[in-house]
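Contents: one structure, followed by commentary.
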């Protein structure tokens with residue numbers, strides 16, 4: 001038995017056959033004949049000095065040696081594939097993969113991305129709307145936009161975006177009816193449960209305590225997605241407690257109104273994340289600069305508000 005590693009072609013044939021438990025299916029995947037694949041596996045067994053498969057009538061199964069070898073070979077080829085795709089993406093400044101939560105994607109990115117596309121026609125922008133943790137290399141992601149409290153992100157470069165607040169928003173028609181905070185006692189309150197993970201909670205109860213008004217916050221439609229609660233407010237179904245990033249464009253363009261200028265300032269905020277060493281890659285830097293420019297366009301809305309930190313609001 002030689003200490004030298006066998007040829008990669010033989011290991012690739014073994015990995016495919018062990019994964020499919022079929023020489024025929026492995027041969028089809030690798031675009032070779034079953035005879036050629038069988039020859040590669042036979043040469044691997046001769047290199048090792050032991051059989052890797054039990055050949056049955058119409059099936060195969062791994063021997064003890066094959067069972068020991070398969071996981072390491074599979075992990076090795078997976079690592080090679082990830083490394084190869086990573087290198088390819090390092091050479092690709094024409095495609096930008098961005099992942100963000102569904103709410104931010106729907107209410108911030110989607111209505112604005114045509115502006116980025118017009119300014120940077122050389123970059124193909126792609127979105128993945130998800131809240132799950134991503135592996136930048138495995139998932140081929142360039143940029144992630146995530147909302148939450150600041151925390152260490154190992155191996156990632158992070159940049160905090162604009163501070164976040166929540167404030168009652170409604171259609172201009174409803175704003176003519178609900179002219180004071182007290183009048184919201186007769187309004188349908190729309191609840192965004194997507195930020196209930198924040199402690200202390202920035203909900204209707206907290207806003208009412210901050211304002212010193214009595215509101216029955218036990219009723220009203222509840223949404224697990226922030227974008228759905230804003231859509232309900234846009235439809236005139238009631239008054240939503242909207243987050244800055246998700247409502248500023250609608251306020252800026254007059255579809256929603258924030259008649260009361262007292263907002264809850266959140267500890268959490270959206271952050272721009274990319275891999276360490278990647279922030280100055282042309283397409284990533286261009287996207288970051290564009291986001292900051294877009295935020296600045298509606299900064300006047302924040303400047304007109306009185307922001308009360310959530311931790312300064314008396315508990316219920």
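Quick notes on this one:
Yes/no matrix, rows are residues, columns are (1) at pLDDT below 95; (2) crowded, with 17+ Cβ neighbours inside 10 Å:
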{"residue": "235", "(1), (2)": "no, no"}
{"residue": "248", "(1), (2)": "no, yes"}
{"residue": "262", "(1), (2)": "no, no"}
{"residue": "280", "(1), (2)": "yes, no"}
{"residue": "304", "(1), (2)": "no, no"}
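- Against the test of being under 19 Å from residue 191 (Cα atoms), in the same structural domain as residue 185 (by TED's automatic domain parsing) and under 23 Å from the mean Cα position of the chain (by Cα), the options 242, 236, 220 yield a single qualifying residue, 242.
- Number of the condition not met by residue 78 [criteria: (1) in contact with a helix residue (DSSP H, G or I) (Cβ under 7 Å, 6 or more places away or on another chain); (2) loosely packed, with under 14 Cβ neighbours inside 10 Å; (3) more than 27 Å from residue 224 (Cα to Cα)]: (1)
- Each residue in the stretch 13-62 was checked for being crowded, with 18+ Cβ neighbours inside 10 Å and in contact (Cβ under 8 Å) with a residue 40 or more places away in the chain, and 6 pass.
- One residue stands out among those in the stretch 183-198 that are part of a strand (DSSP E or B) and in contact with a helix residue (DSSP H, G or I) (Cβ under 6 Å, 6 or more places away or on another chain): the one that is farthest from residue 269 (Cα to Cα), which is 189.
- Residue match in the stretch 282-298 (condition: surrounded by fewer than 20 Cβ atoms within 10 Å (Cβ to Cβ) and closer than 25 Å to residue 190 by Cα): yes
- If the condition is being in contact (Cβ under 8 Å) with a residue 40 or more places away in the chain and under 22 Å from the mean Cα position of the chain (by Cα), then the stretch 184-196 contributes 192, 194, 195.
- Scanning the stretch 201-232 for residues that are in contact with a strand residue (DSSP E or B) (Cβ under 9 Å, 6 or more places away or on another chain) and farther than 17 Å from residue 104 by Cα yields a total of 14.
The values are calculated or read from the model by the stated rules, or taken from the named source; none is laboratory data. Model, not experiment: these values are computed from the prediction. A quick note on method: Cβ atoms are made from the backbone with ideal geometry, for glycine too, and the neighbour counts reach across all protein chains shown.
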